[in-house]
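I have placed the structure first, in the form of structure tokens, so that the comments after it can refer back to it.
Taken together, the values in this text are just the output of simple stated rules run on the coordinates, not laboratory data. What you are looking at is a predicted structure, and each value in this text was computed from that prediction instead of being measured. Positions of Cβ are backbone-derived with ideal geometry, glycine not excepted, and every protein chain shown enters the neighbour counts.
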Amino acid sequence: MGVGSPDGADALTIAGRPMRSRLIVGTGGFPSLQVLADALAASGSELATVALRRIDPAAEGSLTDVLQQAGVSLLPNTAGCHTARDAVLTARLAREAFDTDWIKLEVIGDQDTLLPDAAELLLAAEELVADGFVVLPYTTDDPVLARRLEDIGCAAVMPLGSPIGSGMGIRNPYNIALVREAVAIPVVLDAGVGTASDAALAMELGCDGVMSASAIARAQDPVAMATAMRLAVQSGRLAVGAGRIPRRTYASPSTPDEGLAEFG
Amino acid sequence: MATESHSERPTDVLVVGGGIIGLAVAWRARQRGLSVCLIERHAIGAGASRVAAGMLAPVSEVEFDQARRKTLALALSSADMWPSFAAELAELAGVDVGLRRAGTLMVARDADEARELERQLAFRQSLDVAVSRLLPSQAREREPALAPNVRLALLADGDHSVDPVLAVHALLVACRRSGVEVVEHAGDVAVAVDAEGGRVEGVRLADGSLRAAGQVVVAMGAWSALLDGLPESLRVPVRPVKGQILRLRDPAGPGLLNGAVRGAGVYIVPRNDGRYVVGASMEERGFDLAATAGVVHELLRHARDLVPGISEFQLEEVCVGLRPGTPDNAPLIGASELQGLVWACGHYRNGILLSPLTAALTAGVLTGDPGDPLLALCDPARFHGPDADAGLALERQLTGSRG
């Protein structure tokens, strides 16, 4: 099957690991564990981020158990880290706690916008890659930085559409498309997704996947929004494979006007 | 009628857990003529009851998911019961539980918060609950201590508060005066099940002796899943959700705030004596009771942004408690599949609010009343069995792994 086939043949492969779903879900902010479990099931996602700082991995009956039961792999993140040193330390703690060398690397440079600190991000990524981590960095929508992260050995890049939790969608679609062109590794749009059309647009711009956290968790009906995101990611992916028509300034009739019946 | 001493006859009801839920259940069961003994591992009210802020706030606390599950009815119903509950306690125990009927303000301080508050207002209006929209000037007229940069406020006029420490004390006095036998510092106890495994015989005390009872009520809060003596299949999916709060005191006495105030990341609840509770964190950290610098900082920062005047307050205490969380945030109240075993736990953020209702419902279960329709919302078996959907069934696994 070709691009966008929803039957799983069109897998997203990161660091050699194929995933049927191209949607990554964040686990923070859900109203209850039950809603989280139901939303995960509805999303079809196989990978979900967890902030090490927010949970005790050893606590039973909690988040990690829900993920395990849902068959969703856990992707620890370094949320709340402001320096490379902090992030590297947190990543190592996460590796120990969750028994995975995958890490979603976040190094935040500003408390109001939660934008990434590019310089610290590169430092941390370099050190973690050298240490054997599969690094998925949360980055600005900067194609040059994305290429640097690829050069360092990151497994994917996760550029932002707009600030975390803002729900502002993709503010610079042009840059996201440039990031896609700049690197050969998977591009997963992270941050800013507010509703399903944002996710579909990300896929249409050529992203390989979409990460959605607040948009699902804080929706009025998170389970319905998780379904919407799953379908939107599939739709966007299918549309890319289908090959859209070029944009035109003037109309072009979909029905030829030859052979119209003539009425008295 | 049973007496306070150990009688030959088994006690009708043993309540395990001396927090606000256990005490309220014991009191109400005793009022219905049952002989009741309450057993507490440590001290009465030393768990989450002592840490709770005591908000009776069904309207300001309602969440989207609660509306879908219809569990708002539990909170509204219990909030309605509180004034007479408090009056009854005042009369019987001679203790004022500090019920403050001054409403609750929900405050937005910037455009982002205001948009979220508008969404919350629309949601509450769709539920037809009592909430009104206040202009900044109206909000500050009501609570002059609010920061000047208020953008928008919602008033939940019927959301009140009590002082849980006083409520626990009142209930303890009421229990004793009405003839409930109260055993404190009992250590770890276990449920005793008969040889066939068909019904509860009572409770096995820490010294190994059996305290016989017709029915056993489990009101152990966050520890309810750890109760020994039960088959794995009967365990309930209750987990601890850590909360940190601060206790502040205004040396100038009461009056800075009239009612509770909620803003982004914080609430402030005034007591009658010039004390204030600032809360609360929500942390999934297992049975961890450590106070942390980060949470104290965040609570104080948010609280001071909301009500600058608290800077002058004395910081009396940092308290940490464990809310009994359930997968859907609703409590477990009612008979179990094991005859004689009754659950009254899993009240999550709402133990104080839901105590009058829980006591009434549980007393009804204990005396064989026809089922109250509200009990269906709290069915302890909802996470078990063939009726549970896939998501719910996972909880069986979760609690199974907890042994």
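Send over the semi-axes of region A:148-248's equivalent ellipsoid, whole angstrom and largest first, taken as the square roots of 5 times the C-alpha gyration tensor eigenvalues. Mind showing how you got there, number by number?
Values: eigenvalues 93, 62, 28 Å².
The answer is 22, 18, 12 Å, longest axis first.
Along Cα→Cβ, 7 Å out, is where each label goes; now give me the distance between the ones at B:D228 and B:L210 in nm to one decimal.
It works out to 1.7 nm between the two label points.
Ranked from highest to lowest mean number of other Cβ atoms within 10 Å per residue, what is the order of the peptides B:11-24, B:120-133?
Sorting B:11-24, B:120-133 by mean packing, highest first, produces B:11-24, B:120-133.
Toward the positive end of the charge dipole of chain A, about the Cα centre and with charges on Cβ (Lys, Arg +1; Asp, Glu -1), which of A:L47, A:V135, A:V107 goes farthest?
A:L47
Assigning unit charges at the beta carbon (Lys, Arg +1; Asp, Glu -1) and nothing else, what dipole magnitude in debye, to the nearest 20, does region A:23-242 show about its Cα centre? It would help to have the intermediate numbers written out before the result.
Working: 13 positive and 27 negative charges, 81 e Å.
Computed charge dipole of region A:23-242: roughly 380 debye.
In whole Hz, with x marking every Gly and Pro, tabulate ³J(HN,Hα) for region B:216-223 from phi via Karplus 6.51 cos²θ - 1.76 cosθ + 1.60, θ = phi - 60°.
Here the 3J(HN,Hα) series is 10, 9, 9, 10, 9, x, 5, 8 Hz.
Per residue, what volume in Å³ does the Cα convex hull of region A:23-242 take up?
Details: hull volume 23.1 nm³, N = 220.
Enclosed volume per residue, from the Cα hull, is 105 Å³.
Could you work out the relative contact order of chain A? I mean the mean sequence separation of Cα pairs under 8 Å and 6+ apart, divided by the number of residues, in percent.
Numbers: 539 pairs, mean separation 49.8, N = 264.
This gives 19 percent for chain A.
Can you figure out the FRET efficiency of B:A376 with B:A252, using R₀ = 56 Å and their beta-carbon distance, to the nearest 0.05? Walk me through the numbers on the way to the answer.
Working: r = 49 Å, r/R0 = 0.88.
The value I calculate is 0.70.
Which cross-chain or sequence-distant (5 or more) residues have an amide H under 5 Å from the amide H of B:L38, H modelled 1.01 Å from N in plane?
Result for B:L38 returns B:V15, B:E181, B:V182, B:V183.
Percent of Cα-Cα pairs per 5 Å bin, from 0 to the last occupied bin, for region A:43-140, please list those.
P(r) for region A:43-140, in whole percents per bin: 2, 14, 25, 23, 17, 12, 6, 1.
Against the empirical 2.2 N^0.38 Å scaling, what ratio does the C-alpha Rg of the protein assembly as shown come to?
Working: Rg = 27.8 Å, N = 667, 2.2 N^0.38 = 26.0 Å.
The reported ratio for this selection is 1.07.
Would you kindly derive the ³J(HN,Hα) couplings of region B:341-349 from the backbone phi angles with the Karplus curve 6.51 cos²θ - 1.76 cosθ + 1.60 (θ = phi - 60°), listing them in order in whole Hz, with x for Gly and Pro?
Whole-Hz 3J(HN,Hα) from phi for region B:341-349: 9, 10, 9, 8, 8, x, 7, 6, 7.
List the relative contact order of chain B as a percent without decimals, with contacts defined as Cα pairs under 8 Å and 6+ residues apart. Walk me through the numbers before you get to the answer.
Working: 925 pairs, mean separation 89.0, N = 403.
That works out to 22 percent.
Across all directions of projection, what mean area in square nanometres is found for the Cα convex hull of region B:246-314? Provide the component values of the computation, followed by the final result.
Working: hull surface 19.5 nm².
Result: a mean projected hull area of 4.9 nm².
Return the average number of partner chain Cβ atoms within 10 angstrom of each residue Cβ along peptide B:281-289.
Numbers: counts 0, 1, 5, 11, 7, 8, 3, 3, 0.
That average works out to 4.
Is there a simple number for the mean count of other chain Cβ atoms within 10 Å of the Cβ of residues in A:31-44, and what is it? Don't jump to the answer; show the numbers that get you there.
Values: counts 7, 11, 13, 14, 9, 2, 10, 8, 1, 1, 4, 1, 0, 0.
Mean partner shielding for this stretch: 6.
Return the FRET efficiency for the residue pair B:N149, B:D194: r is the Cβ-Cβ distance, R0 is 60 Å, and the value is rounded to the nearest 0.05.
About 0.40, to the nearest 0.05.
For chain B, with the dipole built from +1 on Lys and Arg beta-carbon atoms and -1 on Asp and Glu ones, taken about the Cα centre, which of B:P164, B:V51, B:Q125 lies farthest toward the positive end?
Projecting each Cα onto the dipole axis, the largest value belongs to B:Q125.
Could you tell me how many degrees, from 0 to 90 and to the nearest 10, lie between the Cα long axis of helix A:222-242 and the main elongation axis, the longest principal axis, of the Cα atoms of chain A?
60
With just the Cα atoms of chain B, tell me how far they stretch along each of the three principal axes, in Å, largest first.
Taking max minus min along each principal axis of the Cα atoms, chain B gives 67, 48, 40 Å.
Could you line up B:H169, B:H347 from fewest to most neighbouring Cβ atoms inside 10 Å?
Working: B:H169 18, B:H347 32.
With the sparsest Cβ surroundings first, the list reads B:H169, B:H347.
Taking the Cα centre of each part, how many Å lie between region A:81-159 and region B:164-190?
About 53 Å separates the Cα centre of region A:81-159 from the one of region B:164-190.
Arranged by the count of other C-beta atoms within 10 angstrom, fewest first, what order do B:L246, A:L238, B:L135 take? All intermediate terms of the calculation are to be shown ahead of the outcome.
Numbers: B:L246 24, A:L238 18, B:L135 12.
Neighbour counts put them in this order, fewest first: B:L135, A:L238, B:L246.
Farthest toward the dipole's positive end in the protein assembly as shown, which of B:S281, A:T227, B:V62, given Cβ charges of +1 (Lys, Arg) and -1 (Asp, Glu) about the Cα centre?
Final value for the positive-end residue is B:V62.
Could you list B:L366, B:L341, A:L121 so that the one with the fewest beta carbons within 10 Å of its beta carbon is first and the one with the most is last?
On the way: B:L366 24, B:L341 21, A:L121 27.
Fewest to most other Cβ atoms nearby, the residues stand as B:L341, B:L366, A:L121.
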